[in-house]
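Report on the structure given below.
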Amino acid sequence: MTEILVADAAGIARAAELLRAGSLVAFGTETVYGLGADATSATAVAAVFAAKGRPHFNPLIAHYPSAEAAFAHVEPAALARALAAAFWPGALTMVLPRRITCPVALLAGAGLDTLAVRVPAHETALAFLRAAGTPVAAPSANRSGQVSPTSAAHVRDGLDGRIAAILDSGPCAVGVESTVLNLTGARPFLLRPGGVSVEAIEAVIGPVQRGVTLDAALRSGTLRSPGLMVSHYAPALPVRLGAVSVDATEALLAFGPPLEGAGTVFQLSLAEDVTEAASRLFEGVRLLDTIGARLGLRGIAAMPVPEHGLGLAINDRLHRAAAPRHS
Ligand code: TXA
Ligand code: MG
């Protein structure tokens, strides 16, 4: 049963307590309702993807109660402070390089070295974020393929019984998602138009490149920032999928009991639980890539992961890692 919480002090405290315990809590913002999880818990973040039924891992926005809190986890590019001063709290999301010390789970950012951050302009949301005391990873609180919810009733229609609670703060004033701006490249560019107009942004920071989707950006390399993506979107070592045997020249990404003969092993889930495996995927690929290169191994052998639940998203990501390189 999904609890519906009234947005008073008791409801906000309950929502924060559930979130800190690893449960999923939908909450209203000025744009749309978000499906919140403790961003520092890979397990909680994996549960978000499972509840939404997403067939692949999109990077999520981490929500903070203040710019200061956000910039403790990402490096504010030169323009980011000016944008924060002009538009935060508000409907602007900035993609910035993660700090080395950033505690946000890799899965929340889909393994990228960047992180999307936002400070929402909504009293209840801000009170909830302050009470949570941890960054809150939140995609829009709809099932995959459905439109973003702008009321607690919309959230319940899609996610009733799949999440712990909905913090009901009434209808969303803006009603469209936040504007997503990537600030990790040489020039700022728009990843998604939204609640803050490009014209308003340009009035503060000058010209913004438009119309670049995340996938196009990944292909063209314009998302690059120091060290970006190297070990995730394209691990240095080749990945071999569906491995049913392995030898000592390969690192093994194990799902269930490791294959015989494996030397260097990262276990995704001994119990063969796809949600647990998802929570450990990016960490595992990075580690094997780094260790494998150091040990002079020739590749990563990935054991088969079943195509149910988050297994779909895991296989989608492993297929990309195994695909021929562009550059
Ligand atoms: O208004 C909003 O933005 C709402 C509320 C809850 O804050 N959230 C929202 O989240 O719409 P979501 O997950 O539905 O959309 C986030 C968008 C996606 O298009 C995603 O690809 C992009 O932000 N994004 C997130 N992190 C990114 C990153 N590191 N690099 C590039 N794009 C990123
Ligand atoms: Mg969405």
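Since every read-out is calculated from the coordinates, none of them should be taken as a lab result. Computed from a prediction, not measured in an experiment: that's the story for all the values here. All Cβ positions, glycine included, derive from the backbone under ideal geometry; neighbour counts span all protein chains shown.
Springs between Cα atoms under 10 Å define the GNM used for the chain, and in it the highest mean-square fluctuation of P257, P59, P76 occurs at P257.
Largest first and in whole Å, give the semi-axes of the stretch 59-200's equivalent ellipsoid, each being the square root of 5 times a Cα gyration tensor eigenvalue. Walk me through the numbers before you get to the answer.
Numbers: eigenvalues 118, 57, 45 Å².
After scaling each eigenvalue by five and taking roots: 24, 17, 15 Å.
Please report the antiparallel percentage of DSSP beta bridges with both residues in the chain, rounded to the nearest 5.
For the chain, the DSSP antiparallel bridge percentage is about 40.
With 0.36 nm allotted per residue and the present C-alpha distance subtracted, the S144-T43 stretch has 34.4 nm of extension available.
Each 10 Å bin from zero up to the one holding the largest Cα-Cα distance in the chain carries the following percent of pairs: 6, 26, 33, 23, 10, 2, 0. Placing a label point 7 Å from the Cα of R240 along the Cα-to-Cβ line, the residues of the stretch 246-273 whose backbone N sits under 19 Å from it are 246-268. Between the listed residues A9, F57, V246, the Cα displaced farthest toward the positive end of the dipole of the chain, a dipole computed from Cβ unit charges relative to the Cα centre, is found at V246.
In this calculation the C-beta distance from R294 to R187 is compared with R0 = 51 Å, giving a FRET efficiency of 0.90.
What area, in nm² and to one decimal, does the C-alpha convex hull of the stretch 231-322 cast on average over all directions?
Values: hull surface 19.1 nm².
The directionally averaged projection comes out at 4.8 nm².
Label positions at A153 and A203, each projected 7 Å from the Cα along the C-beta direction, are separated by 3.5 nm. Residues considered: V246, V274, V155. Largest GNM mean-square fluctuation over the chain, using C-alpha springs under 10 Å, is found at V246. Model label points for A82 and T275, set 7 angstrom from Cα along the Cα-to-Cβ axis, are 4.5 nm apart.
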